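Below you'll find the structure, written out as structure tokens, and then a few comments.
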Amino acid sequence: MFLAIAASAVVLAVASVGAVYLRLNGNIDTFDGKGLSRQRPKDTPGDAQNILLIGSDSRSGDNAKLGGGTDAVGRSDTTILLHVYADHRHAVGVSIPRDSLVDIPPCRLPDGSWTDRRQNTMFNAAFSLGSTAAGNPACTQNTVEALTGLRVDHTVVVNFAGFATMTEAVGGVPVCLPKDIYQKDLSPSRLTQGELLYHKGEQKVSGKAALDYVRLRHGIGDGSDIGRTKRQQAFISSLITQVKKEGFSPTTLLPLANAATKSLTVDPGLGSPNKLLSFAMSLQNIDLANIQFLTAPWRYDGARVALVHPDVDSLWATLKDDRTLDGHTTGQKKKPSPTSTAGTPSVVGAGITVAVYNGTTTDGLAGRATTLLRDHHFTVTGTATARTQDHATTVIQYGTGLKSQAQTLAKLFPGAELQPVADARLNLVTGEDYANTPTPSTSPAPPAPLPSDVSAQARSADHDLCSDLSYG
């Protein structure tokens, strides 16, 4: 998907004036930035960028001919957070499983009202809030920022029809399957096996066949969405390889650029040809071997998926620190943290999950506390206003078995009152004492190394096309 954006911009660079430029400019749709959270992570440091890629499966308009259904509400079956490193020569795309149980922060609805925070909810429900064909990309962006502590610099949504057209524009995309696939594998409710759709091994797909490939779940591996994610990562890698193989010439890229800009809905920061051009030029020097994909560490939780802590926290910390998955830096010098003081102790919150509430009338206090916690690798599940806003003293509420975690948390909030509660949860309720004192001068925690079994699952864009295509 991000190669499609790059292709669009390369064409714009060649045809920066005239009919081609104007045509592509007219294709670009943007979503309303008013729905972005008021409490966002700090800006991405240096020249690194975080781009949220969302695949919408709405059956509205031309999508109905391809999707095999009638539900016009936009849903996000595919979401990838792409981190482009500060050296602009490395990139990592992290797939977030659609069934992951997460907390969805307040989100803006089409009528202008805001929802309440939703706890332990399927991740892809964020995109569907508001029940519109266009979906709610701002809500998904808010959810990803709350989940990861990373600021999303740009968000891009691609729909069914646009995806199919892009694959046709590049002359098809090579894929590989471990077995023959029949119609029943794509539609399990069929009573008969049906026709052969894909033969075992390598082949090239485009249009609806390409779309069906990336939507295929059954008949391979454990039949799960997690397994499908692996094939989607392989497909995107193959698409990138195909575009690079064809060459970055106007003749090759114009059809792709036209298809891409017609199918994309982007945040206001990418809503013009010049903005797309500036963004895409930052991606052109990334080699295939330095583009990696992996799925956020996960485990099954009944019929749903739970993200695994502290592994997933280490992954977000790795990207936030602009380190590659094997722990190396890319050469970008980092500015010292404003909360760092030489000789002072560090607080490590990896694996500790906490919800933050503003117990005062001081605006932004929960956001300030959240930034501090994430600097020390705590996982913040969400922020909200406390039931009462007259707290003179900061309170840390902890459930059974969480006292030691509460004591670790208290190191960042001297004088906080520890309060046991019945539920198995850890809450921070900020008080006036925190509002009236500077942020504690504790050193940020050293980045926790990403477990080797997590980094080993990464797939580079030049990976063998036929290997590692599913779980189970």
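Assorted remarks:
- Long-range HN-HN contacts of R459 with modeled amide H, under 5 Å: F293, L294
- Between the C-alpha center of the range 127-202 and that of the range 95-120 there is a gap of 21 Å.
- FRET efficiency, 1/(1 + (r/R0)^6) with R0 41 Å, evaluated for E417 and R304 via beta carbons: 0.70
- Per-residue ³J(HN,Hα) for the range 46-56, Karplus 6.51 cos²θ - 1.76 cosθ + 1.60, θ = phi - 60°, Hz, x for Gly and Pro: x, 9, 6, 9, 10, 10, 9, 10, 10, x, 8
- Taking a Cβ cut-off of under 12 Å around H391, the surrounding Lys, Arg, Asp and Glu residues balance to a net charge of -3, with basic ones at +1 and acidic ones at -1.
- At q = 0.14, 0.19 Å⁻¹, base-10 log of I(q)/I(0) for the range 356-472 (Debye sum, equal scatterers on each alpha carbon): -0.65, -0.97
- Convex hull volume of the C-alpha atoms in the range 112-180, normalised per residue: 192 Å³.
- Summary value for the range 141-218: 32 percent relative contact order, contacts being C-alpha pairs under 8 angstrom separated by 6+ residues.
- Each Lys or Arg adds one and each Asp or Glu subtracts one; over the other residues with Cβ under 10 Å from the Cβ of D375, this totals +3.
- Pairs of C-alpha atoms in the range 75-198 farther apart than 22 Å represent 53 percent of all such pairs.
- Whole-number D in µm²/s for the range 159-210 (Stokes-Einstein; Kirkwood sum over Cα pairs; 37 °C, 0.692 mPa s): 276
- Residues whose amide H comes within less than 5 Å of that of R425, counting only those at least five positions distant or on another chain, are G399, T400 (H built at 1.01 Å from N in the peptide plane).
- What the phi angles of the range 186-200 give under the Karplus curve with 6.51, -1.76 and 1.60, with θ = phi - 60°, is a coupling list of 7, 10, x, 6, 4, 8, 10, 5, x, 7, 6, 9, 9, 8, 4 Hz, glycine and proline written as x.
- Residues with amide H under 5 Å from that of I352, placed H, sequence gap 5 or more: T379
- Alpha-carbon Rg/Rh ratio, for the range 76-141, with Rh computed the Kirkwood way: 1.06
Every read-out reported here was derived from the displayed coordinates using simple, explicitly stated rules and does not represent laboratory data. None of the values given here were measured: they were computed from a predicted structure. Every residue, glycine among them, receives a Cβ derived from its backbone with ideal geometry; neighbour counts consider all protein chains shown.
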